[in-house]
1. What's the number of the only condition in (1) within 21 Å of ASP57 (Cα to Cα); (2) at pLDDT below 95; (3) open to solvent by 30 Å² or more (accessible area, probe 1.4 Å) that ALA172 fails to meet?
2. Would you pick out the residues in the range 108-129 that are closer than 17 Å to GLU58 by Cα, in a loop (DSSP other than H, G, I, E, B) and open to solvent by less than 90 Å² (accessible area, probe 1.4 Å)?
3. Identify the single condition in (1) free of Cβ contacts under 8 Å to residues at least 12 places away in the same chain; (2) touching a helix residue (DSSP H, G or I) at 6+ places or on another chain (Cβ under 8 Å) that GLY74 does not satisfy, given that it satisfies every other one.
4. Taking ILE81, is it assigned to a strand (DSSP E or B) and touching a helix residue (DSSP H, G or I) at 6+ places or on another chain (Cβ under 9 Å)?
5. Can you tell me how many residues in the range 87-107 are open to solvent by less than 10 Å² (accessible area, probe 1.4 Å) and either in contact with a His (Cβ under 8 Å, 6 or more places away or on another chain) or within 12 Å of ASN121 (Cβ to Cβ) (or both)?
6. I'd like to check something: does the range 65-76 contain any residue that is modelled with pLDDT of 90 or more, assigned to a loop (DSSP other than H, G, I, E, B) and either within 27 Å of ALA105 (Cβ to Cβ) or of a type outside the set (Phe, Trp, Tyr) (or both)?
7. Do we find a residue being among the basic types (Lys, Arg), in contact with a strand residue (DSSP E or B) (Cβ under 8 Å, 6 or more places away or on another chain) and open to solvent by less than 80 Å² (accessible area, probe 1.4 Å) anywhere in the range 64-71?
8. Scanning for something loosely packed, with under 15 Cβ neighbours inside 10 Å and within 20 Å of the chain's Cα centre (by Cα), does the range 31-38 turn up at least one residue?
Amino acid sequence: MATTWEKGAVSVPARRMRSGQGQRLKFLIGGLLILGAVVYLIISGTLTGARFFISVDELLSKPDYVGQTVRITGAVLGDSIVYDETNLTIEFTIANVQEPYDDLALALNQAVNNPTANRINVRVENSVMPELLQNEAQAILTGSLDENGVFHATELNLKCPSRFVEGGPSQAEIAEMGA
């Protein structure tokens, strides 16, 4: 009987040791899978973020983009803005902004005033008129180009560099406001 008892005593810790190694292996594999997923998300996010939008020129130069959802950017031509308050539709034209540029405000101004810059008409439905939709604002739009050359935007984001001055007001201006 002592032999049976010793054998049982030896085999129980051996099973525990094997099961402990199995648990560690499962945690190691799970950890590596999570680490791999995080690395993949970081790399794919970096590559996707490297190209946030395409230009009007690129959109018009590739017929493959017709009907596809894309994100584009352009300079808003202020005199082209038409807002239908009843149907909540906004229509306007954007011009291609030449890249690269150091001064966004200057690049937007040049795009709007360049009669040879490529332009496309934009239509946004079910949207109220944004305050920043004005002449020389940068429009970043998500949507699709139809066969007639009209870009139907489902998302409209605007940047108006003249409204946002880097550095903010000086200390003297702050003091004057408080007085």
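1. (1)
2. Answer for the range 108-129, where residues must be closer than 17 Å to GLU58 by Cα, in a loop (DSSP other than H, G, I, E, B) and open to solvent by less than 90 Å² (accessible area, probe 1.4 Å): ALA117, ASN118.
3. Of (1) free of Cβ contacts under 8 Å to residues at least 12 places away in the same chain; (2) touching a helix residue (DSSP H, G or I) at 6+ places or on another chain (Cβ under 8 Å), only one is false for GLY74: (1).
4. On the way: assigned to a strand (DSSP E or B): yes; touching a helix residue (DSSP H, G or I) at 6+ places or on another chain (Cβ under 9 Å): no.
Criteria not met by ILE81.
5. The qualifying residues number 4.
6. yes
7. Residues of the range 64-71 among the basic types (Lys, Arg): 71.
Filter again for in contact with a strand residue (DSSP E or B) (Cβ under 8 Å, 6 or more places away or on another chain), leaving 71.
Those still in the list that are open to solvent by less than 80 Å² (accessible area, probe 1.4 Å) too: 71.
Checked against the condition, which is being among the basic types (Lys, Arg), in contact with a strand residue (DSSP E or B) (Cβ under 8 Å, 6 or more places away or on another chain) and open to solvent by less than 80 Å² (accessible area, probe 1.4 Å), the range 64-71 yields at least one hit.
8. If we filter the range 31-38 for residues that are loosely packed, with under 15 Cβ neighbours inside 10 Å, which is where we start, we get 31-38.
Next cut, within 20 Å of the chain's Cα centre (by Cα) only: 38.
Yes, there is a match, as at least one residue in the range 31-38 is loosely packed, with under 15 Cβ neighbours inside 10 Å and within 20 Å of the chain's Cα centre (by Cα).
The values are calculated or read from the model by the stated rules, or taken from the named source; none is laboratory data. This is a predicted model, so every value here is computed, not measured. As a convention, Cβ positions derive from the backbone with ideal geometry for all residues, glycine included, and neighbour counts pool all protein chains shown. Please note that ligands, DNA and RNA were not included when accessible areas were found on the heavy atoms of the full protein model with its side chains. Shrake-Rupley method; radii C 1.70, N 1.55, O 1.52, S 1.80 Å.
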